[in-house]
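Q: Have a look at the structure that comes next, please.
The values are calculated or read from the model by the stated rules, or taken from the named source; none is laboratory data. Remember, it's a predicted structure, so these values are computed and weren't measured experimentally. Methodologically, a virtual Cβ is constructed for each residue, glycine included, from the backbone with ideal geometry; neighbour enumeration extends over all protein chains shown. The area values use the complete protein model at the heavy-atom level, side chains included, leaving out ligands, DNA and RNA. Shrake-Rupley method; radii C 1.70, N 1.55, O 1.52, S 1.80 Å.
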Amino acid sequence: PSVPRHTNRLINEKSPYLLQHAHNPVDWYPWGQEAFDKAKKENKLIFLSVGYSTCHWCHVMEEESFKNKEIGEIMNKNFVCIKVDREERPDVDKVYMTFVQATSGGGGWPMSVWLTPDLKPFVGGTYFPPEDGVHRVGFRTVLLRIAEQWKENKEALLENSQKILEALLYRSEIHVQGQESPPPSKEVMATCFKQLSNSYDEDYGGFSESPKFPTPVNLNFLFTYWALHRTTPEGARALQMALHTLKMMAHGGIHDHVGQGFHRYSTDQHWHVPHFEKMLYDQGQLAATYSRAFQISGDEFFASVAQDILLYVSRDLSDQAGGFYSAEDADSYPTAASGKKREGAFCVWAAEEIRALLPDPVEGAAEGTTLGDVFMHHYGVKETGNVSPMKDPHQELKGKNVLIVRCSPELTASRFGLEPGRLGALLREGRRRLSTARAQRPRPHLDTKMLAAWNGLMISGFAQAGAALAEQEYVSRAAQAAAFLRRHLFDPASGRLLRSCYQGKDNTVEQSAVPIQGFLEDYVFVIQALFDLYEASLEQGWLEWALQLQHMQDKLFWDPKGFAYFSSEAGDPSLLLRLKDDQDGAEPTPNSVTVTNLLRAACYSGRTEWVEKAGQILAAFSERLQKIPIALPEMARATAVFHHTLKQVVICGDPQGEDTKEMLRCVRSVFSPNKVLMLADGDSTGFLYRQLPFLASLERKDGKATAYLCSNFACSLPVTSPQELRGMLCP
């Protein structure tokens, strides 16, 4: 590689996304005091560009505009230019995205915002093409116009930005309005079910025509709804909607049939042609959701998809030290000799490639049938490619195929006169050979940043799969990652979480010069992970840490006036707003998950003020939960958990005893949304016995492992058989 012509301050950053821009001719600054001071001193506007490393349009805008020398000169002359990785600084991203959505009616990345020297936004958008087109103003023109306005109408601009800020403050406030009680759970659940049911795609599953997102929050809501309405037609429909969606996703092209794991989302109604980036937060949530589907249905198909996701993460997104990387990019070089990256190049196939890799004749099939014929039929491969030009605006996938399961194994087998039993082995061999061939292609860029929040979601995925599938190695992997968080993303002196760390030279783990402190989502998803890990491993150390973090979360983020938690802590002068998210999207919003966290924390500690806080959060979001719960399905789910009170399932027994293990297997094999599991091992000096004195009064009946169901400090009669226990868990 030639020596780069330009190098800016981003070369000193750790974020892979910022490093991608270190050689632009733009004089980029990271978000921080140095840039703010320069803007004030030189009385210059700030141009803020926010994106992330697997964002396709961010790459496009960089290629077209930020690598363009002339545009770079205009930017440097008129603005102080700041680049932000939204995954490192979700707080900065949210403040300005709130502005962009309010003023332009849409939002997305790359986000482009112009700010006054005191950081107030006054104009913003997303992607701009470099030059003027028929329908859009080009980036160059926008830059020149804004610079001109600042020269001519500075006072008006400043006044306007102050008005905008006041409007944003007013709009974005979420607080309790007079009434302090949570909304009625029954109505919230019914409305949310109705809204999901109305937007459900009967044929292909999912909750929109296109694009289609793998929304685990919707599916988890439906599982809980089913568990509380098992005997009703609505309950049956909720389960059918969730399982059908999970099946169609697993068959679709959004699922990587050769390399495992799931891509970000599908551009079409059929889950066929995806945007190819793979995000850690999707893998973590989907592993947990597929494990639950297996727990509920007993269908091994769902267990195999969960195992497939965890194989991908263990192999491709795992750091040697135990943490999980953030993402793999969609774009890559088709061959080592290519000069230009293409979206999906790593994952798609020409028909002749597959024929050449799978030429073997298939025994027992019609004369002349090859393994390629069977494989191509099953995965919908066409000679001219199977991607509709409508879904491929840049013609990057022309003549290529995205594998999608088009027929059942029985149909494919009968088409070629094969025994159904033999087909599985043939397809496995086909996938194995394609995987070997694919390993020769240049890999997409890997974002090796490690985030506390997303690691939390992934730990939950491994822990829940480990418990539901009775796979000890998954539980061990979760524990290894939790130990990594404790070592690299936690400061024991202050008791606080850190947001991010990075893969350094020679596989070390590095921290930035000024570490980014954890945000609300880091605390919430890590606390959830530690509860899940305790239930899977019964190691009390994880519980103890979870409760410490919950106290810290209360201290840093709780809003005592309006209730619920702010996304970021107070005291950062560069943040204009402290926001509360109000939408469960690709990830659930932290306030939604924290409701269940608080209820679990109360069960393990006996602290009723945590139950009270959970109710106050639901009260703060009450209006939204009653009108459009479909925007907050995870919080809607939590209203039911709150309403039905969590049941403590206490197993009294020797952790090593076979009878104890059998009782634990029974609890873990049942899906019950309002249970927390704990083991009373008889050690009265242990953490749980110190937290919950009532455990000392529970005994083993006739010396056998014994289960109690407790809530509100009262316990059921003891049971010693797994069958009886199962009956109590599934009334």
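Q: Which one of these is closer than 30 Å to Pro560 by Cβ, in contact with a strand residue (DSSP E or B) (Cβ under 9 Å, 6 or more places away or on another chain) and among the β-branched types (Val, Ile, Thr): Ile146, Ile174, Ile164?
A: Testing whether each residue is closer than 30 Å to Pro560 by Cβ, in contact with a strand residue (DSSP E or B) (Cβ under 9 Å, 6 or more places away or on another chain) and among the β-branched types (Val, Ile, Thr) leaves just Ile164.
Q: Moving to a separate point now. Being within 24 Å of Gln283 (Cβ to Cβ), among the hydrophobic types (A, V, I, L, M, F, W, C) and out of contact with any helix residue (DSSP H, G or I) (no Cβ under 7 Å at 6 or more places or on another chain) is the requirement here; does Ile527 meet it? If you could, list the steps in order and put the result at the bottom.
A: Working: within 24 Å of Gln283 (Cβ to Cβ): yes; among the hydrophobic types (A, V, I, L, M, F, W, C): yes; out of contact with any helix residue (DSSP H, G or I) (no Cβ under 7 Å at 6 or more places or on another chain): no.
No, not satisfied.
Q: Follow-up. Hey, Gln440 hits all of (1) open to solvent by 50 Å² or more (accessible area, probe 1.4 Å); (2) within 22 Å of Thr54 (Cα to Cα); (3) not in a loop (DSSP other than H, G, I, E, B) but one; which does it fall short on?
A: Here Gln440 meets the rest and fails (3).
Q: If you don't mind, another one. Checking the conditions here, which among Arg428, Arg406, Arg432 is open to solvent by 90 Å² or more (accessible area, probe 1.4 Å), closer than 23 Å to Val305 by Cβ and not in a helix (DSSP H, G or I)?
A: Working: Arg428 fails: not in a helix (DSSP H, G or I); Arg432 fails: not in a helix (DSSP H, G or I).
The match here is Arg406.
Q: Next question. Just name the residue that is farthest from Cys666 (Cα to Cα) out of those in segment 638-655 that are open to solvent by less than 10 Å² (accessible area, probe 1.4 Å) and not small (Gly, Ala, Ser).
A: Among them, the one singled out is Thr639.
Q: Something else: Go through segment 592-628 and give me each residue that's open to solvent by less than 10 Å² (accessible area, probe 1.4 Å) and not in a helix (DSSP H, G or I).
A: Within segment 592-628, Phe621 is the sole residue that qualifies.
Q: Scan segment 390-403 residue by residue and report those that are surrounded by 13 or more Cβ atoms within 10 Å (Cβ to Cβ) and not β-branched (Val, Ile, Thr).
A: Hits for segment 390-403 are Lys391, Asp392, Glu396, Leu397, Gly399, Lys400, Asn401, Leu403.
Q: Restricting attention to segment 28-64, which residues are under 22 Å from the mean Cα position of the chain (by Cα) and either of a type in the set (S, T, N, Q) or assigned to a loop (DSSP other than H, G, I, E, B) (or both)? Explain how you work it out, then say what you get.
A: Let us first name the residues in segment 28-64 that are under 22 Å from the mean Cα position of the chain (by Cα), namely 50-59.
Of everything in segment 28-64, those that are under 22 Å from the mean Cα position of the chain (by Cα) and either of a type in the set (S, T, N, Q) or assigned to a loop (DSSP other than H, G, I, E, B) (or both) turn out to be Tyr52, Ser53, Thr54, Cys55.
Q: Follow-up. crowded, with 22+ Cβ neighbours inside 10 Å and not in a strand (DSSP E or B): is that true of Asp282 in this structure?
A: yes
Q: Go through Leu485, Leu451, Leu434 for me and flag whichever is in the same structural domain as Ile354 (by the TED database) and touching a residue at least 12 places away in the same chain (Cβ under 8 Å).
A: On the way: Leu485 fails: in the same structural domain as Ile354 (by the TED database); Leu451 fails: in the same structural domain as Ile354 (by the TED database).
Only one candidate qualifies: Leu434.
Q: When only residues in segment 208-220 that are open to solvent by 30 Å² or more (accessible area, probe 1.4 Å) and closer than 21 Å to Thr289 by Cα count, which is nearest to the chain's Cα centre (by Cα)?
A: The selected residue is Thr215.
Q: Among residues belonging to segment 169-207 that are touching a residue at least 60 places away in the same chain (Cβ under 8 Å) and of a type in the set (A, V, I, L, M), point out the one that is farthest from Arg624 (Cα to Cα).
A: Leu169
Q: Continuing with this model, one more query. Checking Ser574 against (1) in a loop (DSSP other than H, G, I, E, B); (2) in contact with a Phe, Trp or Tyr (Cβ under 7 Å, 6 or more places away or on another chain); (3) buried (at least 24 other Cβ atoms within 10 Å of the Cβ): exactly one of these is not met. Which one?
A: The failed condition is (3).
Q: Another question about this same structure. Every residue in segment 658-716 that is among the small types (Gly, Ala, Ser) and open to solvent by 70 Å² or more (accessible area, probe 1.4 Å), please.
A: Correct list: Ser684, Ala696, Ser697.
Q: Any idea which of Ile651, Ile628 is more than 23 Å from Trp226 (Cα to Cα) and in contact with a Ser or Thr (Cβ under 9 Å, 6 or more places away or on another chain)? Lay out the reasoning, then the answer.
A: Working: Ile628 fails: more than 23 Å from Trp226 (Cα to Cα).
The match here is Ile651.
Q: Separate question: Can you give me the number of residues within segment 136-191 that are open to solvent by 90 Å² or more (accessible area, probe 1.4 Å) and hydroxyl-bearing (Ser, Thr, Tyr)?
A: 1
Q: If Ala478 satisfies every condition in (1) without any contact (Cβ under 8 Å) to a residue 12 or more places away in the chain; (2) under 29 Å from Ser669 (Cα atoms) but one, which is the exception?
A: (1)
Q: Quick check on this structure: which one of Arg292, Arg342 is under 19 Å from the mean Cα position of the chain (by Cα), open to solvent by 10 Å² or more (accessible area, probe 1.4 Å) and not polar (S, T, N, Q)?
A: Arg292
Q: Which residues, taken from segment 221-266, are of a type in the set (S, T, N, Q) and buried (at least 21 other Cβ atoms within 10 Å of the Cβ)?
A: Looking only at segment 221-266, we keep the residues that are of a type in the set (S, T, N, Q), and these are 224, 231-232, 240, 245, 260, 266.
Within segment 221-266, Thr224, Thr245, Gln260, Ser266 qualify.
Q: With the condition being at pLDDT below 95 and within 20 Å of Asp584 (Cα to Cα), I'd like the helices (runs of 4 or more DSSP H) fully within segment 144-238 carrying at least 1 qualifying residues.
A: Where helices (runs of 4 or more DSSP H) fall fully within segment 144-238 and carry at least 1 residues being at pLDDT below 95 and within 20 Å of Asp584 (Cα to Cα), they are 154-171.
Q: Just to verify a result, which residue in segment 70-89, among those that are open to solvent by 10 Å² or more (accessible area, probe 1.4 Å) and part of a helix (DSSP H, G or I), is farthest from Asn24 (Cα to Cα)? Steps first, please.
A: Initially, segment 70-89 is screened for residues open to solvent by 10 Å² or more (accessible area, probe 1.4 Å), giving 70, 73-74, 76-78, 86, 88-89.
Of the ones still in play, those that are also part of a helix (DSSP H, G or I) are 70, 73-74, 76-78.
Values: Glu70: 12, Glu73: 11, Ile74: 13, Asn76: 11, Lys77: 15, Asn78: 17 Å.
Only one residue fits best here, namely Asn78.
Q: If you scan segment 684-712, which residues turn out to be without any contact (Cβ under 8 Å) to a residue 40 or more places away in the chain and in contact with a helix residue (DSSP H, G or I) (Cβ under 7 Å, 6 or more places away or on another chain)?
A: Ser684, Tyr689, Ala696
Q: Something else now. Every residue in segment 541-571 that is part of a helix (DSSP H, G or I), surrounded by fewer than 18 Cβ atoms within 10 Å (Cβ to Cβ) and among the hydrophobic types (A, V, I, L, M, F, W, C), please.
A: If the condition is that a residue be part of a helix (DSSP H, G or I), surrounded by fewer than 18 Cβ atoms within 10 Å (Cβ to Cβ) and among the hydrophobic types (A, V, I, L, M, F, W, C), then Met552 is the only one that fits.
Q: Residues being closer than 25 Å to Glu64 by Cα and either open to solvent by 10 Å² or more (accessible area, probe 1.4 Å) or hydroxyl-bearing (Ser, Thr, Tyr) (or both): count how many of those fall in segment 106-124.
A: 8
Q: Name the residues in segment 375-412 that are more than 30 Å from the chain's Cα centre (by Cα) and of a type in the set (Val, Ile, Thr), would you?
A: Within segment 375-412, Val381, Thr384, Thr412 qualify.
Q: Could you grab me the full set of residues in segment 13-25 that are open to solvent by 10 Å² or more (accessible area, probe 1.4 Å) and in contact (Cβ under 8 Å) with a residue 24 or more places away in the chain?
A: Correct list: Glu13, Lys14, Pro16, Gln20, Pro25.
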